[in-house]
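Reviewing the structure listed below.
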Amino acid sequence: MKQEKLTTKPRKRARAIFLFIISLLSVLVAFTIAVVGCNYVENQNFKETFYCVSSLKVHNKIRIVQLSDLHSSYYGAENAKLLDRVTKLNPDIILLTGDCIDSDSVDDAGTVTLCAKFTDIAPTYYIYGNNEVEKYYYGALTQETLDKKFGFTDETRQPSKLLDMTDALAEKLKKAGVKVLKNSFDTITIGTTNVDIYGVLTSNPSAFWSYAGDSFDEFIYSNENNLKITAIHEPTVFEEYAPDSWGDLMLAGHTHGGHARLPIVGPVYTHEDGMLPAKTGHYVYGRYDVQGRPLIISSGLENKSFFRINNPPEIVVVDVNKF
Amino acid sequence: MYSAILQKIPVIIAGLILLLALLRIYFRSKNVTKSEFVKILKSTKYLQAGVLIFVFIITALFGVFNHFKAKQSVSAIVALNYSEASQAQNSNGTRYNMTEIVCDEVVDRAIEMGAFENVTTKQLKECLSVYPHVQGDVNDEANYHISTEFVVEYHASKHTQHLNSENVIMLITSAYKEYYIEKYTDNFNLTEQEEKPDFSTMEYMDIVSYFNKETTSVLNYLYGMAEKGPSFVTSNDSTFHSIAGKVYQFKSTQIEQNLQSLILQYGIVRDKSNYIDRLSYQNKNTDFDKQKNTASFNLCNQAIDLYSEEMTRIVLVPTWDENGKFYMGRTQVGIDELSVMATSFSENVAANNKEIMDNKLIIEKMQKASGSTAAREEADALIASIDKSIDNFTAEAIKAGREYSNYTMNQCIAVSISGTSLLSELKTVVIFACLAYVAAISRSVSKKFPKP
């Protein structure tokens with residue numbers, strides 16, 4: 001009798017612990033599903049993030065709206081919600097900093113139509129990201145692949161050969177009135193302020209300096225009184241190189257804000273820098289100071305991923321003022 | 001207000017359950033002995049799976065709810081970084097008013113900047129409050145405090161909960177900075193921006209006067225700025241004094257010597273008789289002024305002569321100078337005033353004389369000279385060149401002024417935005433979890449006591 005009591009008590013306790021753990025796990029799983037689900041629903045809308053930047057070169061306030069990493073996502077029919085908010089924000093310049101078209105998407109018509117509508121609001125600039133490059137240049141534009149493709153060596157390299165290549169998207173965008181910046185810059189006058197905008201095609205760090213270096217130098221060292229905006233899809237370039245100046249304002253995307261952002265932990269993952277990139281000092285999301293000038297990295301507008309947690313899609317609004 | 005109450009409701013419910021359970025234990029424990037009481041407590045299973053899971057679920061729900069509620073409250077600190085702030089003044093010396101941070105104009109601007117929809121200025125303003133970061137005590141002299149840091153708080157209401165709280169506070173502070181700099185810092189317009197006159201129809205000597213007026217206004221602006229920032233160096237390595245020096249040099253050589261001399265030398269005039277008539281008329285008027293000034297001067301002198309000697313005695317008043325040294329100060333008497341007036345009238349007479357002589361000289365030159373076409377063309381070219389140079393000097397002066405203003409005012413208002421910290425959120429959640437657990441266990445224990 002005494003022996004029976006001894007065996008049943010631990011068994012009951014083990015069963016209770018087992019049930020408790022199972023219940024706890026169920027709750028955790030349910031909680032995770034709820035968080036992911038809520039985030040997915042929440043991500044079907046976007047937020048606006050405002051930044052204020054000062055520059056002595058500005059005589060009047062300039063508003064730049066940056067849209068990045070749309071990945072052929074939609075906000076309402078024909079992106080009506082996005083278009084409506086951009087219209088209401090009343091920008092002076094609209095900058096699309098790459099990956100607005102997904103490399104796997106079959107059609108680019110939606111994005112081209114959206115860009116055409118943007119041109120009615122303000123001058124619109126389009127910079128290619130790795131997805132556009134893969135889709136329209138059939139592979140990544142690294143120094144190795146480009147040199148191999150054109151048969152260049154370090155001595156014979158001619159960046160203009162790459163820029164001479166045309167692609168279907170650029171043609172469509174140009175027709176729609178969008179200025180496509182491929183290792184080139186454009187000057188625009190807003191009020192009484194002259195603004196130079198430089199866009200990079202070879203934003204892969206390996207090919208940036210060898211293929212975009214000359215045009216970037218021309219951009220930086222000409223019209224030095226103009227406000228200089230440098231738009232590069234991949235922010236890694238800002239970590240790899242340190243020229244005299246990157247301009248007065250730098251804009252980038254690509255990182256998707258680290259996909260998920262957890263309390264204390266911060267951004268969880270980027271393709272280039274792996275897990276917890278912010279902990280290792282990489283540029284992932286938000287505003288950074290690079291050589292005394294602001295670098296703003298957008299978390300992008302992609303809304304199809306389930307793992308985009310606590311990281312809503314965003315439109316970046318930058319107000320450049322004289323103070 | 002309502003959201004803060006809503007946030008506390010789960011904590012209040014848990015607290016109520018705990019209170020009721022404790023009351024039940026208190027009333028029912030009257031029927032049990034001390035040993036029975038201890039036995040009940042000892043026999044209680046404190047790690048009940050059901051209770052733990054229940055507490056876990058409601059804590060998770062509370063955590064999520066609390067997180068969303070916390071996101072609706074944000075605050076910012078607006079710090080004034082200019083020297084006058086320590087005297088509760090704006091940078092232009094007027095009295096500082098912290099309520100301007102959330103005034104209608106600022107809120108309006110923020111709504112416009114953020115393109116906020118479905119919210120009125122009044123509704124947004126109601127969600128904002130501002131108070132000094134460090135409160136002094138007006139009743140205690142030792143704790144008088146002029147605050148240069150102000151906290152702006154935003155708590156979303158039902159009308160504004162669709163807005164992103166951080167965006168709201170960021171745009172409010174940004175709009176305030178814009179508003180403040182526009183209202184209280186330097187004015188960059190050197191002159192009232194009048195439309196430029198048409199030089200092709202204007203008399204040549206009038207053009208000289210116009211140029212003189214323009215350069216003088218640039219000089220006045222530069223001297224004014226130089227007083228504020230004598231050592232300030234612009235991005236072009238210039239100072240206000242060096243730019244003023246250039247403008248002064250230009251004024252005396254190009255306008256007063258070259259252009260004026262050329263016009264007088266060749267008697268360049270668009271309508272000779274008309275212009276000479278005008279100058280003659282001016283001389284007549286100036287002569288009247290001269291006569292009045294001379295009469296007033298004579299009158300003052302006569303009055304001084306008539307002044308009784310007894311009345312000219314001065315009174316010495318004991319006083320102290322700025323360094324605290326004692327001296328006998330001399331009081332002003334009537335004759336002093338008369339002598340000052342006489343000097344002033346005498347100076348006016350001299351000025352009138354000079355104007356008349358100058359005009360006579362111009363008339364004489366105009367009458368003698370022929371005003372050849374070549375000379376006229378030369379004067380026109382010089383006018384165009386001087387006009388362009390004045391524009392350049394104006395632009396340079398404005399640019400220098402802007403740079404100085406940015407140098408002094410760039411950090412005049414610093415803003416730091418802070419939401420509810422994760423740690424404080426975690427603290428609230430942990431307190432709630434503990435409370436919920438104690439309440440649930442107490443409720444379970446209270447039921448074990450026999451009913452009276």
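Just so you know, all these numbers are worked out from the coordinates, no wet-lab data involved. No experiment lies behind these values; they were computed from the predicted model shown. Cβ placement follows ideal geometry from the backbone for every residue including glycine, while neighbour counts extend to all protein chains displayed.
If we count trypsin sites (Lys or Arg not before Pro) as exposed when they sit in a DSSP loop and have at most 13 other beta carbons within 10 Å, what is the longest stretch of chain B that avoids them all? Excluding the exposed sites themselves, the longest stretch runs over B:159-312. As a ratio to 2.2 N^0.38 Å, the alpha-carbon radius of gyration for region B:50-141 is 1.67.
Backbone phi angles across region A:66-73, fed through the Karplus curve with coefficients 6.51, -1.76 and 1.60 (θ = phi - 60°), yield HN-Hα couplings of 10, 10, 9, 6, 5, 6, 6, 7 Hz in residue order; Gly and Pro are listed as x.
Helices in chain A, meaning DSSP H runs of at least 4 residues, each add -39500 (n - 2.57). Divided by all residues, the mean residue ellipticity at 222 nm is -11000 deg cm²/dmol. Relative to the longest principal axis of chain B, what angle (0 to 90°, nearest 10) does the C-alpha long axis of helix B:240-250 take? Around 30 degrees separate the two axes.
Amide H contacts under 5 Å for A:Val53: A:Asp319, A:Val320, A:Asn321, restricted to partners 5 or more places along the chain or on a different chain, H placed in the peptide plane at 1.01 Å from N. Reported to the nearest whole Å, the Cα centre-to-centre distance from region B:412-452 to region B:107-130 is 33.
Normalised by the residues of chain A, what does the relative contact order come to in percent, with Cα pairs under 8 Å and at least six apart? Reported relative contact order: 26 percent. Computed over the Cα atoms of the protein assembly as shown, pair by distinct pair, the Kirkwood hydrodynamic radius stands at 33.9 angstrom. Taking all Cα pairs closer than 8 Å and separated by 6 or more residues, the relative contact order of chain B comes to 29 percent.
Taking only the Cα atoms of chain B, the ratio Rg/Rh comes out at 1.28, with Rh defined as the Kirkwood radius.
Phi angles of region B:10-27 translate, via the Karplus equation with coefficients 6.51, -1.76, 1.60 and θ = phi - 60°, into HN-Hα couplings of x, 5, 5, 4, 4, x, 5, 4, 4, 5, 5, 5, 5, 5, 4, 4, 4, 6 Hz per residue; Gly and Pro are given as x.
In plain terms, the residue of B:Trp320, A:Trp246, A:Trp209 with the fewest other Cβ atoms within 10 Å comes first and the most crowded comes last, giving B:Trp320, A:Trp209, A:Trp246. Taking 30 Å as the limit for the C-alpha separation, the pairs B:Lys177/B:Lys213; B:Lys8/B:Lys122; A:Lys135/A:Lys322; B:Lys45/B:Lys427; B:Lys228/B:Lys360 exceed it in the case of B:Lys177/B:Lys213; A:Lys135/A:Lys322; B:Lys228/B:Lys360. 3J(HN,Hα) couplings calculated from phi for region B:142-153 with the Karplus curve 6.51 cos²θ - 1.76 cosθ + 1.60 (θ = phi - 60°) are, in sequence order, 5, 10, 4, 8, 9, 7, 10, 10, 10, 9, 10, 10 Hz; Gly and Pro show x. For the residue pairs A:Lys57/B:Lys125; B:Lys251/B:Lys284; A:Lys149/A:Lys172; B:Lys246/B:Lys388; A:Lys81/A:Lys228, the alpha carbons lie more than 22 Å apart in A:Lys57/B:Lys125; B:Lys251/B:Lys284; A:Lys149/A:Lys172; A:Lys81/A:Lys228. Amide H contacts for B:Asn90 (H built 1.01 Å from N in the peptide plane; partners 5 or more residues away or on another chain; cut-off under 5 Å): B:Arg95, B:Tyr96.
Residues whose amide H falls under 5 Å from that of A:His282, counting only those 5 or more places apart or on a different chain, are absent, with hydrogens built in the peptide plane. Can you give the helix-only mean residue ellipticity at 222 nm for chain B, where every DSSP H stretch with n ≥ 4 adds -39500 (n - 2.57) and the sum goes over all residues, rounded to the nearest 500 deg cm²/dmol? Result for chain B, helices only: -21000 deg cm²/dmol.
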